[in-house]
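One structure is given here, and the rest of the page talks about it.
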Amino acid sequence: MTPASTELAQERPRVAVWKFSSCDGCQLTLLDCEDELLTVAERVELAYFLEAGAVGDGGKGLYDLSLVEGSITTPGDLDRIQDVRRRSTRLVTIGACASAGGIQALRNFTEVEQFLGIVYAQPQFISTLEESTAISDHVEVDFELRGCPIDKNQLLEVIAAFTNGRPPAIPGHSVCVECKLRGNVCVTVAQGVPCLGPVTHAGCGALCPTYHRGCYGCFGPSETANVAGVAVELRRHGMDEHEIELAMHTFNTWSPELRDYPPSAPTPTGEQP
Amino acid sequence: MLSTGDDITVNHPEEHDSESDDDPSGSSAVVLGLDGLAALIAALWDRGYRVVGPTVRDSAIVLDELLTADSLPIGWGDEQAPGHYRLRRREDQARFGYVVGPQSPRQELSPQKVALVKIRRTADGFDADAVDPTPAAPIAFIGLRGCELAAMGIHDRVMIGGAHPDPVQSARGADRFVVGVDCGDPAATCFCTSMGTGPTAGAEMGPDNTETADLRLCELIDDDRHDFLCHVTSKAGAEVMETLEHRPANTADHLAAQEVRHRAVQCIEKHLDTDGLADRLMAVPDHPRWDEVAERCLSCTNCTLVCPTCFCSTIDDVGDLAGEMTTRTRVWDSCFTLDHSYLHGGAVHATTRSQYHQWLTHKLSTWWDQFGESGCVGCGRCTTWCPAGIDLVEEATALSRAPEINR
């Protein structure tokens, strides 16, 4: 190694990737950056990334950028996220679990003890919290990257932005914008397909509508999501109340805009049986 | 392109028809058969144009490259209502039997994403190279309606008519060729007659409106005929027409076209009272209707991104991972995003109510202050393509009336 490249290596931002309660899919998105992975590795020091076998300093160092996957679901997680925050100059959550509590936050609507008895033969060995919560419920988060899973190009943009000291160019508008930028015809208006796109955060590049399917809301609510408004449209296109409730409660069920759906207030029509 | 004042004549290859009579508008009129239409599209390609026109894709009629006349939406019509669009089979084999789809010439003249500058880091600073916006070929549009011609004129005046012409739109619109088509079967969402832009392709244009088609077709279909009355309205149009097989138009042809126009006007049921509308809308910032529409509005941006006159864009500077290269890209934006009105401290239009107020009053009121004309051409796209089915005419009409008591 030449002296110049050694110097460069020492200057590289140190990046750590952390896992909490999650499926590892968002971490895998980083490994799926096949064409760009060498550039990533040149640009940053992957100082701790267990999914990639990079044990490095065992997660005991200090990091310029921490990418955090997963939600907080155990007492151990509560302590560990504080430790991660202390070690990190910038902390970015990756994915719906870390940003909104994930699909596992469905348990927040019921009694977790019930699941323990059903799932585990020896539930007394399980130590878990009542709720699955987002990282931002526990520590300050510098940026939340949405998606279940996250989008590869958005992840690269976040890494490029944070390691170059600029804000990431990741808009908070709806998936409808992405459909129009691709030249897609609206599946709801032209085909009557129910779609969460109008209230869903952009980022996937309008993947499902491009293949004539309605948006499932993987990226969670957009910046000014009108959840009650879109429910009216889902109803108009044939979904019943139960189906609408299921559609709202998926990967981002515990996001503040969705967790209270359906509102407990009387129905808009005011009709009572 | 049309140059006003030019003497436009078409040399007819065959004997002059004694019955022919020219249209009172001064342009010369001929009749083109179905073969002639196919030959027109082929001739435009031959002359070096990239021909863009209507075709069926994704359950709608979209604008795309039209290699031959076979790609036209033959026998297709559309059914439109607020929040509703469906293709429908027509009983005839009309080529232009639909109204307008979700797209417009805007996407060709000012595409969704355009790279403007590429910036490269150098040893002692950076190099910036402007990206040449000149397209490989000038564009020939087929089948544009009166409302779309009006919208193109608005874009020309806004984007390239001022002191700082937009290089992208200037380059892409240069030397374009336009084949307009009279609307024969308007949709339930159309209100071009209120806005003075249709249903014929250019006939209603005011004296200041120089935007028009090079050729203006009216599709004539009955048991005995299927052809097109074609007004030749520019020198470029006349030059192309001379290479095509056609005959001079006669009185019967003009009468048939008048009948198409008459039927189309009868079809248009939607009416926007534009008299004093600009002032009436600006006078009611506290009208409860704004709150009601904001409850329905999803701030999805669809109305703005299908609108043929909306022109807002944002600038994205996206750098590569190595920090060596940045591309400055212009991307369509909408007043229904928070970033659109973001200033120091936050978004000016931070609520859906505020966003909708900004959009509707800009289209119908402040556009007049800014550009001396309406920002709405009455095409109805915002209404059809709103997933919540919010109807511009209905909202503007309700807002310009006093609120109901005990609402």
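Laid out as a table, the results:
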read-out: Kirkwood-type radius of the range B:244-359, with distances r between different C-alpha atoms, in Å; value: 19.2 Å
read-out: The range A:132-237: trypsin sites (Lys or Arg not before Pro) in DSSP coil with no more than 16 other Cβ atoms inside 10 Å; value: A:R213
read-out: Angle in degrees between helix A:34-43 and the longest Cα principal axis of chain A, rounded to the nearest 10; value: 50 degrees
read-out: Chymotrypsin sites (Phe, Trp or Tyr not before Pro) restricted to the range B:330-407 and DSSP loop, no more than 15 other C-beta within 10 Å; value: none
read-out: With Cα atoms, 0 to 90° folded angle of helix A:152-163 axis to chain A main axis; value: 50 degrees
read-out: The range B:135-166 and the range B:292-334: distance between their alpha carbon centers, rounded to Å; value: 20 Å
read-out: Histogram of C-alpha separations across the range B:159-200, 5 Å bin width, %; value: 5, 17, 16, 12, 13, 20, 13, 3
read-out: Average partner coverage of B:287-296, which counts Cβ from other chains inside 10 Å; value: 1
read-out: Among A:N226, A:H201, A:L258 - extreme Cα towards positive end, dipole of the range A:148-273, charges at beta-carbon; value: A:H201
read-out: Built amide H within the under 5 Å cut-off of B:G202, gap 5+; value: B:G146
read-out: Charge dipole (the range B:317-361, unit charges on Cβ, about Cα centre) - positive-most of B:L343, B:S354, B:W332; value: B:S354
read-out: Peptide ranges B:293-302, B:102-111 listed from the most packed, as the mean C-beta count within 10 angstrom indicates; value: B:293-302, B:102-111
read-out: Neighbouring partner chain Cβ atoms per residue of A:226-238, average, 10 Å criterion; value: 4
read-out: Added length on full extension, which subtracts the Cα-Cα distance from 0.36 nm per residue, B:R50 to B:H262; value: 73.0 nm
read-out: Along chain A, longest interval not containing exposed chymotrypsin sites (Phe, Trp or Tyr not before Pro), exposed being DSSP loop plus at most 15 other Cβ atoms within 10 Å; value: A:1-119
read-out: About the Cα centre, charge dipole magnitude for chain A (Lys/Arg +1, Asp/Glu -1 at Cβ), debye; value: 380 debye
read-out: Förster radius 51 Å - calculated FRET efficiency between B:A398 and A:L31, Cβ distance, rounded to 0.05; value: 0.40
read-out: Placed amide H near A:Y63: partners under 5 Å, 5+ positions off or other chain; value: A:S88, A:T89
read-out: FRET efficiency estimate (nearest 0.05) - Cβ-Cβ, A:D79 to B:K113, R0 41 angstrom; value: 0.35
read-out: Isotropic mean projected area of the C-alpha convex hull, the range B:277-338 (nm²); value: 6.5 nm²
read-out: Linear extension gain, A:R182 paired with A:E245, 0.36 nm per residue minus alpha-carbon span; value: 19.7 nm
read-out: Check: the range A:110-189 dipole with +1 on Lys, Arg Cβ and -1 on Asp, Glu Cβ, in debye; value: 640 debye
read-out: Net charge contributed by nearby residues that have their C-beta within less than 13 Å of A:L116 (K/R +1, D/E -1); value: -2
read-out: All-pairs Cα distance distribution in the protein assembly as shown, expressed in whole percent, bin size 10 Å; value: 3, 14, 21, 22, 17, 12, 7, 3, 1, 0, 0
read-out: Size-normalised alpha-carbon gyration radius of the range A:32-161, reference 2.2 N^0.38 Å; value: 1.17
read-out: Normalised convex hull volume, chain B, alpha-carbon set, Å³ per residue; value: 171 Å³
read-out: Kirkwood-type radius of the range B:58-132, with distances r between different C-alpha atoms, in Å; value: 15.9 Å
read-out: Ordering of A:196-206, B:242-252, B:168-178 by packing [mean C-beta count within 10 Å, highest first]; value: A:196-206, B:168-178, B:242-252
read-out: Hydrodynamic radius by Kirkwood, which averages 1/r over all alpha carbon pairs of chain A, in angstrom; value: 20.2 Å
read-out: Peptide-level mean, for A:165-173, of C-beta atoms on other protein chains within 10 Å; value: 4
read-out: Gained length - B:E269 relative to B:E245, 0.36 nm times residue gap less alpha-carbon distance; value: 4.8 nm
read-out: Fraction of antiparallel bridges per DSSP, the protein assembly as shown only, in percent to nearest 5; value: 65 percent
read-out: Solvent-accessible surface (1.4 angstrom probe) belonging to A:T128, in square angstrom, nearest 10; value: 40 Å²
read-out: Value at 222 nm in deg cm²/dmol, rounded to 500, when DSSP H runs of n ≥ 4 in chain A each add -39,500 (n - 2.57); value: -10000 deg cm²/dmol
read-out: Centre separation in Å (Cα based) which lies between the range A:100-138 and the range A:19-72; value: 25 Å
read-out: Label-point separation, A:N153 to B:T366 (7 Å along Cα→Cβ), nm; value: 3.2 nm
read-out: Computed [θ] at 222 nm, deg cm²/dmol, chain B (DSSP H ≥ 4; -39,500 (n - 2.57); rounded to nearest 500); value: -7000 deg cm²/dmol
read-out: With at most 12 other Cβ atoms within 10 Å, longest stretch of chain A clear of loop GluC sites (Glu not before Pro) (DSSP); value: A:141-270
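The values are calculated or read from the model by the stated rules, or taken from the named source; none is laboratory data. Because the structure is predicted, anything quoted here is derived from the model rather than measured. As a convention, Cβ positions derive from the backbone with ideal geometry for all residues, glycine included, and neighbour counts pool all protein chains shown. Areas reflect the complete protein model, heavy atoms only, side chains present, ligands, DNA and RNA absent. Shrake-Rupley method; radii C 1.70, N 1.55, O 1.52, S 1.80 Å.
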